[in-house]
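A.B. asks: What follows is a structure written as structure tokens; I'll ask about it next.
The values are calculated or read from the model by the stated rules, or taken from the named source; none is laboratory data. Treat the numbers as computed from the prediction; the structure is a model and nothing was measured. Don't worry about glycine lacking a Cβ; one is built from the backbone with ideal geometry, like all the others, and counts go over all protein chains shown. All accessible areas refer to the heavy atoms of the entire protein, side chains included, with ligands and DNA or RNA removed. Shrake-Rupley method; radii C 1.70, N 1.55, O 1.52, S 1.80 Å.
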Amino acid sequence: MADAPSGARLANYTTLRVGGPARRLVVVSSEAELLDCVRDLDAKSEPVLILGGGSNLLVADVGFDGTVVKIETSGVDVQTSSCSGAILSIAAGEDWDSLVVRTIEEEYCGLEAMSGIPGLVGATPMQNVGAYGAEVADSIGTVRTYDRHTRQLRTFAPADCGFSYRSSRFKIELGRYLILSVTFQLRLGSLSAPIRYPELARTLGIEVGRRAPAGEVREAVLGLRRAKGMVLDDQDHDTWSAGSFFTNPILDANQMAALPPDAPKFPLPDGRMKTSAAWLIEQAGFRKGYGDGAAQISSKHTLALTNRGSARAADLVRLAREIRSGVQSAFGLILVPEPVLVGCQL
Ligand SMILES: Cc1cc2nc3c(=O)[nH]c(=O)nc-3n(C[C@H](O)[C@H](O)[C@H](O)COP(=O)(O)OP(=O)(O)OC[C@H]3O[C@@H](n4cnc5c(N)ncnc54)[C@H](O)[C@@H]3O)c2cc1C
């Protein structure tokens, strides 16, 4: 376990590049260290913030008055068999996109449509990370955790993870579960999972529901993501974000009927509809590039709020509030932020 210099600014650890100092920041590189560290802090009732890649966090300018535990654990264990496919047990601190690359190289399919998402494996169950018609809930076998309430290790099967669109029990009970490792169960083969997302299918020149070589799916996804500023790039302020800032609203039939007839609708298995937060934001008058200079909507993607270089957390919060209240006035819907807000609120 290593202590970072005291007063480490969290702006240096988050992709939005905002956030004031942590009282203390420790880096843990083994699971034993991670558990010892969190147990010890909990015993002293010290505030703890678990930090992965910092790509889904908006930290206040005052910083975090407690200990930030930065996870750098490592370990990949792969078991394959012709009947159960590949079972990969991955430490929380492993980089997500490197895992995706490895699965494609070793011909385990299922993660390819989630190429290019920043962050670490341990955070993926938190908001049931997903993109282009895939989500980790489709591929997770188990999530191994330390329950900070009961002080016990606890392993969850997918049915007990409470996975839903951009959510899980781990996000709902934020801070309770420390995710130690995640097991993925993947099919053997070089072809992708069936492509569910029309834009991706069009890019690949196939019909929705067909498969394509997983490497080609990755390249197509990365191309689409780059065009939207959704692949991290130090030189491109459109990627100084937390990805999508608002989730797409899930609506019942009455709420959907109250929207204009041309509002996008995507039916969900439970009978409700998902609509597009980006569409609502644009129709409420907030276009790409909207903002005051320091914090702006990305010039490539309406859903990403970005730091143009000098933004503080307060600038991003102000912009997010303005957008949320504009959408509420126009449509009566309250947008929900996707990133975890630390020390600030909308
Ligand atoms: C450019 C860009 C594009 C993105 N695209 C997508 C996308 O397509 N789809 C998508 O779903 N998301 C996307 N995101 C959001 C983000 O990358 C994911 O949510 C990612 O999984 C966050 O991982 P992280 O390691 O950076 O988590 P962090 O930001 O470090 O943490 C996020 C939350 O999880 C908690 N946490 C992290 N690790 C653990 C752990 N091991 N145990 C317990 N709690 C933990 C933290 O305390 C925090 O509350 C994007 C972000 C950016 C910047």
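A.B. asks: Quick one: length gained pulling Glu107 to Gln345 fully straight, 0.36 nm per residue minus the C-alpha distance?
C.D. replies: Length gained, Glu107 through Gln345: 81.4 nm.
A.B. asks: Same structure, new question: With every protein chain present, what is the per residue accessible area of the chain (1.4 Å probe, Å²)?
C.D. replies: Computed with neighbouring chains in place, this is 44 Å² per residue.
A.B. asks: Once the dipole of the stretch 29-119 is set up with Lys and Arg at +1 and Asp and Glu at -1 on Cβ about the Cα centre, which of Gly110, Phe64, Leu34 lies farthest towards its positive end?
C.D. replies: Phe64
A.B. asks: Could you please state, rounded to a whole Å, how far the C-alpha centre of the stretch 241-272 is from the C-alpha centre of the stretch 1-45?
C.D. replies: Their Cα centres are 37 Å away from one another.
A.B. asks: Here is the link list: Lys228/Lys274; Lys228/Lys265; Lys70/Lys274; Lys171/Lys288; Lys171/Lys300. Which ones come out longer than 23 Å on Cα distance?
C.D. replies: Check vs 23 Å cut-off fails for Lys70/Lys274; Lys171/Lys288; Lys171/Lys300.
A.B. asks: Here's something else I'd like to know. With a Cα-only, solvent-free Debye model of the stretch 136-178, what are the log10 I(q)/I(0) values at q = 0.16, 0.21 Å⁻¹?
C.D. replies: Scattering profile of the stretch 136-178, log10 relative to I(0): -0.38, -0.65.
A.B. asks: Using the Cα centre of the stretch 222-346 as the reference point, and only Cβ charges (+1 on K/R, -1 on D/E), how large is the resulting charge dipole? Debye, rounded to the nearest 20.
C.D. replies: With only Lys, Arg, Asp and Glu charged at Cβ, the dipole is about 60 debye.
A.B. asks: Here is a further query. Only Cα pairs within less than 10 Å get springs; with that Gaussian network setup on the chain, which residue of Ala242, Ala314, Ala113 has the largest fluctuation?
C.D. replies: Between Ala242, Ala314, Ala113, it is Ala314 that shows the largest mean-square fluctuation.
A.B. asks: Also: If R0 is 22 Å, what FRET efficiency do you get for Tyr197 and Asp233 from their C-beta distance, rounded to 0.05?
C.D. replies: After rounding, the FRET efficiency stands at 0.45.
A.B. asks: Which part of the stretch 271-286 falls in the paramagnetic zone of Lys265, meaning amide N under 14 Å from the point 7 Å along Cα-to-beta-carbon?
C.D. replies: Answer for this model: 271-276.
A.B. asks: Which residue, Thr183, Thr67, Thr150, tops the fluctuation ranking in a GNM of the chain built on C-alpha contacts under 10 Å?
C.D. replies: Largest GNM mean-square fluctuation: Thr150.
A.B. asks: Accessible area of Tyr13, 1.4 Å probe, to the nearest 10 Å²?
C.D. replies: 60
A.B. asks: To continue, here is another question. Probe radius 1.4 Å, ligands and nucleic acids ignored: give me the carbon and sulfur share of the accessible area of the chain as a rounded percent.
C.D. replies: Roughly 49 percent of what the probe reaches on the chain is carbon or sulfur.
A.B. asks: Then there is this: Sorted from largest down, what three extents in whole angstroms do the Cα atoms of the chain have along their principal axes?
C.D. replies: 55, 53, 40
A.B. asks: Between Ala43 and Ala2, what is the FRET efficiency for a Förster distance of 25 Å, r being their Cβ-Cβ separation, to the nearest 0.05?
C.D. replies: Between Ala43 and Ala2 the formula returns 0.75.
A.B. asks: A follow-up question, please. If you stretched the chain out fully between Ile172 and Ala157, how much longer would it get, using 0.36 nm times the residue separation minus the C-alpha to C-alpha distance?
C.D. replies: 3.7 nm
A.B. asks: List the relative contact order of the chain as a percent without decimals, with contacts defined as Cα pairs under 8 Å and 6+ residues apart.
C.D. replies: 16
A.B. asks: Further question on the same structure: Could you work out how far apart the two model spin labels at Ala253 and Arg187 are, taking each label as a point 7 Å from the Cα in the direction of the beta carbon, and quote it in nm?
C.D. replies: 3.4
A.B. asks: Given the DSSP H assignment, sum -39500 (n - 2.57) over each helix run of at least 4 residues in the chain and divide by its residue total; what's the result at 222 nm in deg cm²/dmol, nearest 500?
C.D. replies: So the helix-based figure for the chain works out to -6500 deg cm²/dmol.
A.B. asks: Let me ask something additional. Less than 11 Å Cβ to Cβ from Arg226, Lys/Arg counted +1 and Asp/Glu -1: what total charge do the surrounding residues give?
C.D. replies: So the surrounding residues net to -1.
A.B. asks: Which value, in debye to the nearest 20, gives the size of the charge dipole of the stretch 111-182 about its Cα centre, when Lys and Arg are +1 and Asp and Glu are -1 at the Cβ?
C.D. replies: Rounded to the nearest 20 debye, it is 380 debye.
A.B. asks: If you take every residue apart from Gly119 with its C-beta less than 9 Å away from the C-beta of Gly119, what net charge results, scoring Lys and Arg +1 and Asp and Glu -1?
C.D. replies: Computed value for this residue: -2.
A.B. asks: Which of Lys228, Lys300, Lys265 moves most in a GNM of the chain, Cα contacts under 10 Å?
C.D. replies: Fluctuation is largest for Lys265.
A.B. asks: Between Ser299, Leu341, Ile323, whose Cα lies farthest towards the positive end of the dipole of the stretch 260-346 when Lys and Arg beta carbons carry +1 and Asp and Glu beta carbons carry -1, centred on the Cα centre?
C.D. replies: Ser299
A.B. asks: Which percent, nearest 5, of DSSP beta bridges in the chain are antiparallel?
C.D. replies: Roughly 75 percent of the DSSP beta bridges within the chain come out antiparallel.
A.B. asks: Moving on. Could you compute the net charge surrounding Glu107? Neighbours are other residues with a C-beta less than 15 Å from the C-beta of Glu107; K and R count +1, D and E count -1.
C.D. replies: 0
A.B. asks: If the only charges are +1 at each Lys and Arg Cβ and -1 at each Asp and Glu Cβ, what is the size of the charge dipole of the chain around the Cα centre, to the nearest 20 debye?
C.D. replies: My answer is approximately 780 debye.
A.B. asks: Would you be so kind as to identify which of Leu204, Leu232, Ala193 lies farthest towards the positive end of the dipole of the stretch 186-243, taking Lys and Arg as +1 and Asp and Glu as -1 on Cβ and the Cα centre as origin?
C.D. replies: So the residue we want is Ala193.
A.B. asks: Shifting gears a bit: Could you work out the pair-distance distribution P(r) of the stretch 188-260 from its alpha-carbon pairs, with 5 angstrom bin width and percents rounded to whole numbers?
C.D. replies: 3, 14, 17, 14, 14, 17, 14, 6, 2, 0
A.B. asks: Name the aspartates and glutamates eligible as straight-distance cross-link partners of Lys44: C-alpha to C-alpha under 13 Å, and not fewer than 8 places from it in the same chain.
C.D. replies: Reachable aspartates and glutamates: Asp36.
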